[in-house]
Structure formats: C-alpha cells, structure tokens
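Below is one structure; the comments refer to it alone.
Where a number appears in this text, it was derived from the coordinates with a stated rule and is not lab data. Here the structure is a predicted model, which is why all the values come from computation and not from measurement. Note that each Cβ is placed from the backbone with ideal geometry, even for glycine, and that neighbours are counted across all protein chains shown.
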Amino acid sequence: MDLSTGQQRLLFVVVVLALAGLGVWLIGSRHGTTAASPAKPSASAPPVTSAPAATVPATANSGGAVNIYQWLPFTQQDLTKAAQTTVAFAADYENWTYTEPPKAYAAKMSGLVTGELSASLENAYALPGVTAQRSSQKQISTSSGTITSLQSFGSGSITFVVDISQQLATSSGSTHTSQPYAVTLVSGASGWQVNDIEPAGAGNAGAGNQ
C-alpha cells in the first residue's frame, strides 16, 4: 500500500520505538540467563516470546489502529528472530582465546552466519600477524552486543547497528572497548543468518573482518 510522507515518518518512529523495546527485552533476557555464571556467552539464540503487535494511530479514513507490520517485508516474529541471531552472533564475534584454533573459533558461529562469512572470519582469524600477537600476549577475549538501531531493511534482509563490546585480557593487563558495527542478516531456508559485518561508519560493502 502507498503511504503518504507523514505516514512514512510515523512508521519510522514506531519501528524505532519497537526496536528499542525489543532491545530492552533482549538485554533483560540475556542478563537473566547469564547472571548465575560467568561462563562465555552461548551462541544459541534465546527462545522467542510473544509480544503485542505495534500499532500506529489510525488516519482519518482508516477507522482504527493499524498493524505496522503490514507495511514491512517481514513479520514481528521475523524481526524478533533476526534480533536474537544478531545478539548471539555479537557474543561470539570477539569471543576467543590465544589457544583456540581458527576452525574452532568459526565453528562457534555455525548456524548463526552464512558459509561465506564463516570462511571469511576463519581466514581473518588465522592471519599470521594476528595469530602471533594473540599468542605472544596470551590474549583472551569475550564480547557482547547491543542493538542500537535498524539501519535498513528489504525483502529477505535486515541491517542492524550493533554496539559490540570486547573485554580483552592479556599478559600485561586488560582493556575494554566498544565499537558500532553494521550487521546484515539474510533470510534463508535455515532462518536468519549474518552474512556481513562492517564498522558502522563504513557501511556493508563486503565480507566481515575479524
């Protein structure tokens, strides 16, 4: 259906608010499952829970509230599953130790990423210079991610902006960093999978880099 400029702006605001609520739920769910143990984050996505459909005020001619998902190329459940996959991926993206081989690092994200991105991440992780630095400094890294916004979407794809935080322990101390990434997911037979990750400022022009 065609939307007026005012309706498009209103739709954008409601989508942002819906994502903000989804982010609060995801963070609360994640804290609830990890508070009892400091073990490394699991790649398994949390269970899907139902939530009321977001609505926008009706126009003068509509006669009632309208479900915003009729204007989007995905359902509410699709959006929830894509967000869960994104958060699970962010928890594994910078989760590794200096003793972990490349295949083991990539295997943790099996099912969360496409085969092409998995190969790209494994190759980047195995770069000689990066490997030597991890080993010499005895690096151990953990990560987590928070979705901050919906950057773009289309038929069968969604791009989120995600703040990925990394806690890096080395033989000389530890550091904490956080960086925004544009994470793109595609929908396929096996569900939503991440197929690209780039620094948010660079856009999504190719395979992700470790």
- prompt: Which residues, taken from segment 125-138, are more than 24 Å from the chain's Cα centre (by Cα) and either buried (at least 22 other Cβ atoms within 10 Å of the Cβ) or not hydrophobic (A, V, I, L, M, F, W, C) (or both)?
  reply: PRO128, GLY129, THR131, GLN133, ARG134, SER135, SER136, GLN137, LYS138
query: Can you tell me which of SER141, SER172 is among the small types (Gly, Ala, Ser), over 15 Å from ALA83 (Cα atoms), surrounded by 18 or more Cβ atoms within 10 Å (Cβ to Cβ) and over 14 Å from the mean Cα position of the chain (by Cα)?
result: SER141
field: segment 85-126, residues that are part of a helix (DSSP H, G or I) and touching a Pro at 6+ places or on another chain (Cβ under 6 Å)
entry: ALA91, GLU122, TYR125
message: Suppose we filter segment 150-164 for residues that are within 13 Å of the chain's Cα centre (by Cα) and touching a residue at least 24 places away in the same chain (Cβ under 8 Å); how many remain?
response: 9
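Only one of GLU94, GLU122 is within 14 Å of the chain's Cα centre (by Cα) and farther than 30 Å from THR75 by Cβ. Can you tell me which? Walk me through it before giving the result.
Values: GLU122 fails: within 14 Å of the chain's Cα centre (by Cα).
Exactly one residue qualifies, and that residue is GLU94.
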- prompt: Residues in segment 102-124: is at least one surrounded by fewer than 21 Cβ atoms within 10 Å (Cβ to Cβ), under 23 Å from SER172 (Cα atoms) and not small (Gly, Ala, Ser)?
  reply: no
